[in-house]
1. Identify, please: which residue in segment 421-461 is over 29 Å from the mean Cα position of the chain (by Cα), hydrophobic (A, V, I, L, M, F, W, C) and at pLDDT 70 or above and is, among those, surrounded by the fewest Cβ atoms within 10 Å (Cβ to Cβ)?
2. Looking only at segment 53-67, how many residues end up being under 11 Å from Leu37 (Cβ atoms), hydroxyl-bearing (Ser, Thr, Tyr) and either surrounded by fewer than 18 Cβ atoms within 10 Å (Cβ to Cβ) or free of Cβ contacts under 8 Å to residues at least 40 places away in the same chain (or both)?
3. Every residue in segment 68-92 that is over 22 Å from Gly374 (Cα atoms) and either in contact (Cβ under 8 Å) with a residue 24 or more places away in the chain or β-branched (Val, Ile, Thr) (or both), please.
4. Looking only at segment 293-310, decide whether some residue is more than 29 Å from Val417 (Cα to Cα), surrounded by fewer than 20 Cβ atoms within 10 Å (Cβ to Cβ) and at pLDDT below 95.
5. Do any residues in segment 282-305 that are closer than 21 Å to Asp57 by Cα have Cβ atoms under 9 Å from those of residues that are aromatic (Phe, Trp, Tyr) and in a helix (DSSP H, G or I), where the two are at least six apart or on different chains, and which pairs are they?
6. Tally up the residues in segment 355-372 that are among the hydroxyl-bearing types (Ser, Thr, Tyr), under 14 Å from the mean Cα position of the chain (by Cα) and either over 20 Å from Lys300 (Cβ atoms) or surrounded by fewer than 24 Cβ atoms within 10 Å (Cβ to Cβ) (or both), please.
7. Based on this model, can you work out whether Ile362 counts as without any contact (Cβ under 8 Å) to a residue 60 or more places away in the chain and over 22 Å from Tyr286 (Cα atoms)?
8. Please find, among Tyr158, Tyr191, the residue that is of a type in the set (Ser, Thr, Tyr) and not assigned by TED's automatic domain parsing to the domain that holds Pro418.
Amino acid sequence: MKHVNCAIFFVLILRLNVLAQPCGVVQSLNSAQQSQLSVLQNPIDTALKYEILFKIDSLSAVMKNIYSSQGGRPDGAETSYTVSTNTNWLSLPNSITLSRILIHADSLTYANLWRLAKGMSPPSYQPHSLFLRASAEIAAGLLKIADKETNVTRKTLYQSWATRALDSLATMQIQNGPSTGAFPFPDLRVYGDPTFGPIIQNFMFSCGSDSVNVLQNGFIINDKGTGEFKFDAGVIANAYFEAYNYTGNINYKNIAISIGNYTKGLKFNLNYNYNTFVSLALTRAYQLTNDTSYLNRAIKTIRYSVYPGQIANGRWVDGHNANLRYHSIILQNIVPTNSLIPNTNGFKNAIDTMTYKAVKNIVDYSYNCYTAIGYRWLLKAYALNNSMITQTLKDSISDLIGRQINQSASHGDYLDVPTMGEYLELLGTTTSVNDFYKQNNFLINAFPNPIAEELTIEATSANDTKLTYILLDALGRMVLAGNLNNSKTTINTSNLEKGFYSLSVTNEKGSSLKTIKLVK
């Protein structure tokens with residue numbers, strides 16, 4: 001039976017390799033595909049708006065068929081770069097030091113964060129970000145950093161910057177009308193913003209004479225059902241939820257619940273990632289109230305306005321959401337909901353499978369194609385409570401987090417206050433790495449990865465535990481094996497063919513598995 005299971009496992013590996021995301025390939029639709037998709041857009045939009053559920057699924061299947069092999073390919077080239085080979089997580093003291101350097105570089109920005117919350121000026125350090133949303137995310141990040149800060153003066157300062165910004169932002173929440181509970185969308189045309197300016201211009205033209213009621217004092221107070229408020233609502237609800245957890249401020253709790261009330265009545269949108277912001281806001285409202293109507297709506301939103309757009313390899317079918325930037329946003333936003341779905345819910349298996357495929361795709365793509373999109377999605381994926389996330393996959397996520405945080409420490413790449421805050425939060429709450437060490441008495445690190453001529457295995461064990469290693473190829477065949485000591489062991493890999501290998505390190509209590517890529 002053991003051999004049968006192994007055979008199934010490696011057949012699965014080969015199948016996943018067939019479905020692997022090609023590196024650097026951009027979506028390119030021919031005129032026939034574009035025409036067919038254009039005709040299909042209104043029927044799908046109608047099915048989503050009126051929640052004609054069987055049509056959402058059937059029309060989505062038709063859409064995927066039209067995209068064919070172009071489905072799941074991004075609409076633009078994705079950045080790649082060589083990241084640090086160090087997979088060890090940055091320690092808490094070193095992380096605190098890194099956060100101090102990060103904050104010092106833009107201290108005036110954080111001191112004046114309350115101004116950003118009023119929409120007074122665009123944040124130059126976050127091009128094309130929306131003011132209100134940015135202020136909320138940064139404030140939550142500052143609170144998380146302050147929680148781990150050991151210097152009382154710095155801790156107090158960070159907290160004061162954050163709470164002042166959140167209190168300032170609170171006054172912007174819409175109190176009356178169809179958008180009650182939402183936060184307005186700033187009119188970025190006045191700043192000549194190249195990303196949102198044209199979008200807002202077209203939106204205002206579409207409002208016609210009603211634009212005088214929509215745009216007030218430089219803010220759009222009603223998105224007319226287009227969904228533009230959705231992502232702001234989700235981000236801000238999440239920030240106030242986190243702020244409440246760190247401060248206990250009841251006002252922050254009520255603001256997040258109010259956003260939940262606003263998002264509960266929103267219609268499904270054609271843009272998959274927009275809908276995940278809704279599910280995030282609803283989930284946070286549920287966590288604050290224990291009212292299952294929020295969670296049920298969040299689950300239904302994911303099942304019918306996110307899940308139908310995913311293809312077999314884990315990407316979303318359209319070029320926009322197939323772009324890793326939006327793929328990672330979808331992943332970040334659905335993790336809180338995914339972890340709360342009860343086993344009795346009929347959509348659990350579908351959403352669990354969707355989440356697993358999304359994580360697997362982006363992890364494999366990051367290894368294979370050296371992509372760089374920031375790593376908040378990694379932090380969310382690592383903390384994900386999903387039985388489908390195997391220990392092997394979790395080890396790969398852990399290695400990527402280590403590489404990214406070391407890259408940030410050495411070069412400053414892809415690091416900002418929200419990311420630093422989430423890293424510190426995860427560093428303080430994660431138990432799997434430490435628990436694994438306590439239970440099995442060893443930790444391992446393997447580098448460089450990818451490898452060429454040599455692989456170094458660094459093993460840390462307790463009580464002189466005897467460790468052995470085995471290197472398996474993609475078909476499960478053992479190609480190298482030996483013993484490890486409490487020191488670095490270097491293995492000659494020059495005679496091996498390029499490809500993927502699994503490194504298994506074992507003692508009498510358990511084993512740890514890492515994926516290794518060999519290049520020539």
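1. The extreme case among them is Ala452.
2. Count: 0.
3. Passing the criteria: Ser68, Gln70, Gly71.
4. No - not one qualifying residue is present in segment 293-310.
5. Asn296/Tyr286; Arg297/Tyr286; Ala298/Tyr286; Ser305/Tyr272; Ser305/Tyr274
6. Total meeting the criteria: 2.
7. Here the answer is yes, as Ile362 does meet what is asked.
8. Tyr191
The values are calculated or read from the model by the stated rules, or taken from the named source; none is laboratory data. Just so it is clear, the model here is predicted, and its values are computed rather than measured. Backbone-built Cβ (ideal geometry, glycine too); neighbour counts: all protein chains shown.
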